[in-house]
Each structure stands twice: as structure tokens, then as C-alpha cells.
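**Q** Let me give you the structure first, and then I'll get to my questions.
The values are calculated or read from the model by the stated rules, or taken from the named source; none is laboratory data. A quick note: this is a predicted structure, and the numbers were derived from the prediction, not measured. Note that we place each Cβ from the backbone using ideal geometry, even for glycine, and neighbour counts take in every protein chain shown. Each accessible area value is taken on the protein alone, full model and side chains, heavy atoms only, with ligands, DNA and RNA left out. Shrake-Rupley method; radii C 1.70, N 1.55, O 1.52, S 1.80 Å.
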Amino acid sequence: MKAVILSAGEGSRMRPLTLTKPKTMLPVIGKPIIQHNIEALKECGIFDILLIVSYKEEIVKDYFGDGKKFGVNISYKTQKEYAGTADAISYSKGFVEEDFIVLNGDIILDKELIKDITEDYNQNSPDTLMVLKEVDDPSDFGVVEIEDNLIKNVVEKPEKDKAPSNLINTGIYIFSKDIFEKIDKTKKSPRGEYEITDSLSLQIIDKKIVRGFLTNKEWIDVGRPWELIEINEIMLKDIQREIKGEIERGATIHGNIFLDEGSIIRSGVYIQGSVYIGKNCDIGPNCYIRGNTYVGDNVKVGNAVEIKNSIIMENTNVNHLSYVGDSVIGSNCNLGAGTNIANLRFDDKPVKIMIKGEKINSGRRKMGSIIGDNVKTGINSSFTPGVTVGFNTFIGPHVLLDEDVESNKIVLL
Ligand code: TTP
């Protein structure tokens, strides 16, 4: 079987992190999100993979090339217009032979799930298999009505009390080639997109078998910045202790830590795993790295810094006396001495973050900042919970940042 991964999107809800790279290339414990999916497919014996790309596609192509380095064969098709998932899947026409798997590129899934669904598909031979998951609040997803494992209807993003069930579409499918005929007949939805769920509705009308496969295995849809922190928390739980770099005498390590080659943890550093530290990092002396922290390659963390539950992307410096909590810091940033990122409101209420012009409740009591690539902060700059900073921006010394800042700005006192 061949596989197709949909990765043409910008991930606009994930801005500012996606202003410089596609969402599927954001890191989760040392690999882009989409690499986790490619590896899951490979482990199940699926080696021929088509990536549907568009937004900043050169970043994806430069990283994966023809896939050989990753033990698979990768080819690419550019989606000309971001016209919906059915449109994206139509680009796989010449690539697939018979049945094929389709995955949204912005999900992280349990590798066993691919095995489970291929077995189920082979046993039951439906026309389409769609993987379903039960969630508490289905209102942000495609919600299905199901009877005897057959999908009867899919409703996109219903209001909470109007959802026909709590079973949602996970964006993982196995299709027979019949789907192309239905995609060709699919009309634009009220959202202005050609949606694959509408193609499935055409299959249902045509009495084709659209089977729902309910899973309780891990599946996470990474859409908004705090979900990147959450997926990081979940994935870090499973890392094993592995030390390829150097730990100086006088450092204290608790819990699991992955320390990649060329990195050094200096004396006086106190680590409370799980913590992932990439290649060629310089940590300490005398700093405190708390649980669920991911540090990318070539990161420097200076004296008396505290980092907690955060993602620090590659080539970034967090200089002495700084605090970073529940935050995402992009690549090539420099946080000046004494930069403080607050992660808790006085009133203890969940922190809100601006997503596409609207303040959205992150549901998190502890939530810091989301900072894009190439941001520099001056000494003693402070950030209130939930602010976002675009890329290439300078935040001057002593600034108290309590509102979002766009890219390419200079903010001074
Ligand atoms: P979305 O969840 O809509 O992802 P997105 O990148 O558009 O994010 P946002 O809403 O924040 O802008 O789509 C799910 C997946 O399908 C995602 O991996 C992108 C992919 N996709 C395409 O490749 N082409 C398309 O036309 C659409 C609509 C989605």
C-alpha cells in the first residue's frame, strides 16, 4: 500500500510559529511533526509516500529530499490552490495504484494505529475506512453519525449541543480508488473548500461502504500553539534516558533525559526530567531545567536560567538570569539577560491567546509566550502570560510586553 500525507497548509492558527515554516515542520522531540508520521508508515512496511505540499514547500523538500535518508521513497505534488482536503487528495491520482492511506500531516499518532487499520481494512474490504476518536468536545472537528460501524453522516464543526455524537474524524483514512470519482463530483462547501468529508457523503449516497474505525490509541491534532506544548509533554513522557553528550561533575539529573551528541551540561545544573536536549547545546552552569522541556540543536542556556515545560527551537540563546515557563521560543532567538516570561495570571484564570484576531481560551492555567524566529529581547524585558511575538522583532531592555507584537517590529520603552 502507498500513503499520501497532506501537508500543503500554512497552519494559520499556529502563527507566529508558522510565519517562517509550515506547521508540519515544527519540532516534536527532535523531529518535525510530519517525520513522526513518515516513520510510523515505514514501521508498518509502507515505503512509498507522496507529500502534498504548497506553503513554504522548499523547507519540506530540502529536509526530506527523496526520502532515502529516512529509509523511504518520498515524492511531492504541489497543491496549486489551498482548496480543501478533497482537492489535496485529488493530486494523488497518478501516484496510487489501488487502496491507499491518507493522513493529515499535522497529527501525531500511535505507530500501532497504522497496523490496526490496515488489518481491519484487509479483513472488511470497505470502500473507505475513516479512523474515529471519542472526545469530550467535538465542536472543533468533523463529527460522525455511525451505525454498526458504518458512517451515516459527517457534520463539520457543529455547535457543541448539536453534535450527533462524540466521535470525530481524525484525518486518517484508507481509500479505494472509488474515492477519485466522488472527489470529481464534490462541490464547494459553505466554507468555500472541496472537503473530503463531502466526497464521503457522496459515497454514502451511492451505497458504498464507509467504515468507521474507532481507536483508543494516541492521536493528537496539532492546531494551536499550546497544542505544540501539549504534544511535547505527551511525547516526552516516553523518552528513555540516553546520554550521548557530556555531563560535568556537580550536575544533578533526575528523571529521563535525552542528551544528544556534542552537548554539555555544566556543573551546578539541576535537571528534572523528562527533558530532551539536542546536539551541540551548552547548558549552564547553575541553571534549572524542569520537566517537559525540549531544547533543539545548538542552543545555549546561561547561568541561573530556569526553563519549564517549554520548547526552545534550534540556534537560540537563553541568557543568564532568565525565566521561560510554558512557552514556545522559535529558532535563532536571543533572550537577553533577565528576560522573564510570566506563565500565570494573578486571578488564576486560564490564559487566552490571540488566534487569527480572536482571543481564544487555551484552557491552560499555566501558559507563557509564543515567540517567533529571530526575536531578540533586551535585558530585564518581561512578558505577561499569553503574548505572542512575530519573527524578526526586537523587544528592548526593560520593556513590559503585555500585548502581541507583529513581525519586523522594534519595541522600546
Ligand atoms: P487544517 O487543519 O485546515 O490545517 P491548516 O494547515 O490549514 O491549519 P489552519 O487551519 O491553522 O490554517 O488541515 C488539515 C491538514 O490537511 C493539514 O495537514 C493541511 C492539510 N490540507 C492540505 O494539504 N490542503 C488543503 O487544501 C487543506 C484544506 C488541508
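**Q** Pairs of alpha-carbon atoms within less than 8 angstrom and 6+ residues apart define the contacts here; what relative contact order does segment 282-348 have, in percent?
**A** On the way: 179 pairs, mean separation 16.9, N = 67.
Relative CO of segment 282-348 lands at 25 percent.
**Q** Compute the angle between helix 111-124 and the longest alpha-carbon principal axis of the chain, please, reported from 0 to 90 degrees and rounded to the nearest 10.
**A** Rounded to the nearest ten degrees, it is 0.
**Q** If packing is taken as the average number of other Cβ atoms within 10 Å across a peptide's residues, how do 356-366, 2-12, 279-289 rank, most packed first?
**A** Ranking, from highest mean packing down: 2-12, 279-289, 356-366.
**Q** Tell me which residues come under 5 Å, amide H to amide H, from Ile257 once H is placed; ignore anything under 5 positions away on its chain.
**A** Those qualifying (amide H under 5 Å, at least 5 residues apart or on another chain) are Arg241, Glu242, Val275.
**Q** Using θ = phi - 60° and the Karplus relation 6.51 cos²θ - 1.76 cosθ + 1.60, list the HN-Hα couplings for segment 185-202 in order, rounded to whole Hz, with x at every Gly or Pro.
**A** Taking θ as phi minus 60°, the curve returns 8, 6, 9, 4, 7, x, 7, x, 10, 8, 9, 5, 5, 5, 5, 5, 4, 5 Hz for segment 185-202.
**Q** Now for a different question. Which shape class, rounded, prolate or oblate, goes with segment 76-121 when its Cα gyration tensor gives a ≥ b ≥ c as root eigenvalues, a/c under 1.5 marks rounded, and past that a/b bigger than b/c marks prolate?
**A** Working: a/c = 2.85, a/b = 1.58, b/c = 1.80.
Here segment 76-121 falls in the oblate category.
**Q** As a test of the formula, what do you get for the chain when each DSSP H run with n ≥ 4 contributes -39,500 (n - 2.57) and the sum is divided by the residue count, at 222 nm and rounded to the nearest 500 deg cm²/dmol?
**A** Details: 7 runs with 70 residues, N = 413.
The helix contribution divided over the chain gives -5000 deg cm²/dmol.
**Q** If you don't mind, there's one more thing I want to ask. Starting from 0.36 nm per residue, how many nanometres of slack lie between Lys69 and Phe346 once their C-alpha separation is accounted for? Walk me through the intermediate numbers first.
**A** Details: separation 277, 0.36 × 277 = 99.72 nm, distance 4.93 nm.
My answer for the length gained is 94.8 nm.
**Q** Fully extended, how many nm does the chain gain between Glu119 and Lys244 (0.36 nm per residue separation, minus their Cα-Cα distance)?
**A** Details: separation 125, 0.36 × 125 = 45.00 nm, distance 3.79 nm.
Length gained between Glu119 and Lys244: 41.2 nm.
**Q** Can you list residues whose amide H is under 5 Å from Gly30's amide H, if they're 5+ apart or on another chain and H is modeled 1.01 Å from N?
**A** For Gly30, no residues qualify.
**Q** Report the relative contact order of the chain, percent, no decimals, based on alpha-carbon pairs under 8 angstrom and at least 6 residues apart. Let's see the in-between values first.
**A** Details: 1135 pairs, mean separation 44.8, N = 413.
So the answer I get is 11 percent.
**Q** While we're here: Carbon and sulfur together cover what percent of the accessible area of segment 206-356 at a 1.4 Å probe radius?
**A** Reported share for carbon and sulfur atoms: 44 percent.
**Q** Something else: Under a crude label model (7 Å from the Cα following the beta-carbon direction), how far is Leu214 from Asn149 in nanometres?
**A** 1.2
**Q** Sorted by packing (mean other beta-carbon atoms within 10 Å per residue), highest first, where do 84-93, 226-235, 59-68 land? Intermediate results must be reported in sequence, preceding the final value.
**A** On the way: 84-93: 22.2, 226-235: 19.9, 59-68: 15.3.
The densest-packed peptide leads the list: 84-93, 226-235, 59-68.
**Q** Out of residues 5 or more away from Ser382 or on other chains, whose amide H comes under 5 Å of its own, with H placed 1.01 Å from N in the peptide plane?
**A** Under 5 Å from the amide H of Ser382: Asn340, Val399, Leu400, Leu401.
**Q** For the pair Asp161/Ser267, report the inter-label distance in nm, with labels modelled 7 Å from Cα in the Cβ direction.
**A** If labels sit at Asp161 and Ser267, their model points lie 6.6 nm apart.
**Q** Using Cα positions and a limit of under 18 Å, work out the aspartates and glutamates in reach of Lys69, with same-chain residues fewer than 8 apart set aside.
**A** Filter leaves Glu39, Glu43, Asp48, Glu58.
**Q** Highest mean first, how do 162-175, 311-324 rank when packing is the count of other Cβ atoms within 10 Å averaged over residues?
**A** Listed from highest to lowest mean packing, they are 311-324, 162-175.
**Q** Let me ask something else about it. So what J values fall out for segment 55-62 if you push phi through Karplus, 6.51 cos²θ - 1.76 cosθ + 1.60 with θ = phi - 60°, rounded to Hz, Gly and Pro as x?
**A** For segment 55-62, the Karplus curve yields 4, 6, 4, 4, 5, 5, 5, 4 Hz.
**Q** State whether segment 20-82 is rounded, prolate or oblate according to the following rule on the C-alpha gyration tensor (a ≥ b ≥ c being the square roots of its eigenvalues): a/c under 1.5 gives rounded; otherwise a/b larger than b/c gives prolate, and the remaining case gives oblate.
**A** Numbers: a/c = 1.88, a/b = 1.27, b/c = 1.47.
Note, shape of segment 20-82 comes out oblate.
**Q** Now, a different point. Is the shape of segment 112-187 best called rounded, prolate or oblate, per the rule: a/c under 1.5 gives rounded, else a/b larger than b/c gives prolate, else oblate, with a ≥ b ≥ c the square roots of the Cα gyration tensor eigenvalues? Present the calculation step by step, with values, prior to reporting the outcome.
**A** Details: a/c = 2.14, a/b = 1.34, b/c = 1.59.
Here segment 112-187 falls in the oblate category.
**Q** Also, quick follow-up: Roughly how many Å is it from the Cα centre of segment 39-117 to that of segment 120-178, as a whole number?
**A** 21
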